[in-house]
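Visitor: Sharing a structure here in structure tokens format.
The values are calculated or read from the model by the stated rules, or taken from the named source; none is laboratory data. Computed from a prediction, not measured in an experiment: that's the story for all the values here. Here the Cβ is made from the backbone with ideal geometry for all residues, glycine too, and neighbour counts use every protein chain on show. To get the accessible areas, we keep the full protein, side chains included, count just its heavy atoms, and leave off ligands, DNA and RNA. Shrake-Rupley method; radii C 1.70, N 1.55, O 1.52, S 1.80 Å.
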Amino acid sequence: APLGWEPERAFARLAEVAEWMRAVHPEATALSAGMSGDLEIAIRYGATHVRVGSALLGMRPTLR
């Protein structure tokens with residue numbers, strides 16, 4: 001979800017946009033959304049692809 005947005009709200013809005021897009025472009029079947037921290041919510045709202053790098057590899061070190 002975007003910074004500053006509640007994930008549930010952001011993915012609910014994304015699901016609405018995806019539904020509209022699929023009505024206009026039925027061939028648009030993929031929805032890439034969500035990361036390690038919010039992937040369950042993203043999937044609940046229709047994500048077909050999620051980014052899970054930090055869940056697999058750990059957090060990146062902080063740059064100074």
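Visitor: Just the residues that are among the aromatic types (F, W, Y) and either touching a helix residue (DSSP H, G or I) at 6+ places or on another chain (Cβ under 6 Å) or at pLDDT 95 or above (or both), please, taken from region 1-57.
Guide: Here is the first cut: in region 1-57, the ones among the aromatic types (F, W, Y) are 5, 11, 20, 45.
Matches in region 1-57: F11, W20, Y45.
Visitor: List the helices (runs of 4 or more DSSP H) that sit entirely inside the chain and contain at least 1 residues that are of a type in the set (F, W, Y) and within 12 Å of the chain's Cα centre (by Cα).
Guide: 7-24
Visitor: Any residue in region 53-64 that's of a type in the set (A, V, I, L, M): show its pairings with residues that are part of a helix (DSSP H, G or I) at Cβ separation under 8 Å, as long as the two are six or more apart or on different chains.
Guide: A55/L39
Visitor: Quick one: what pairs do we get from region 1-21, first residue in contact (Cβ under 8 Å) with a residue 40 or more places away in the chain, second among the aromatic types (F, W, Y) and in a helix (DSSP H, G or I), C-beta under 7 Å, 6+ apart or different chains?
Guide: Pairs found: A1/F11.
Visitor: List the residue pairs whose Cβ atoms are under 7 Å apart, where the first residue sits in region 33-48 and is in contact (Cβ under 8 Å) with a residue 40 or more places away in the chain, the second is among the acidic types (D, E), and the two are 6 or more positions apart or on different chains.
Guide: Pairs found: I41/E8.
Visitor: Now for a different question. Are any residues in region 2-46 open to solvent by 50 Å² or more (accessible area, probe 1.4 Å) and on the phi > 0 side of the Ramachandran plot, and if so, which ones? It would help to see each step written out before you state the result.
Guide: The initial filter retains those residues of region 2-46 that are open to solvent by 50 Å² or more (accessible area, probe 1.4 Å), namely 2-6, 8-9, 13-14, 16-17, 19-27, 29-30, 32, 35, 37, 40, 43-45.
Across region 2-46, the qualifying residue is only G4.
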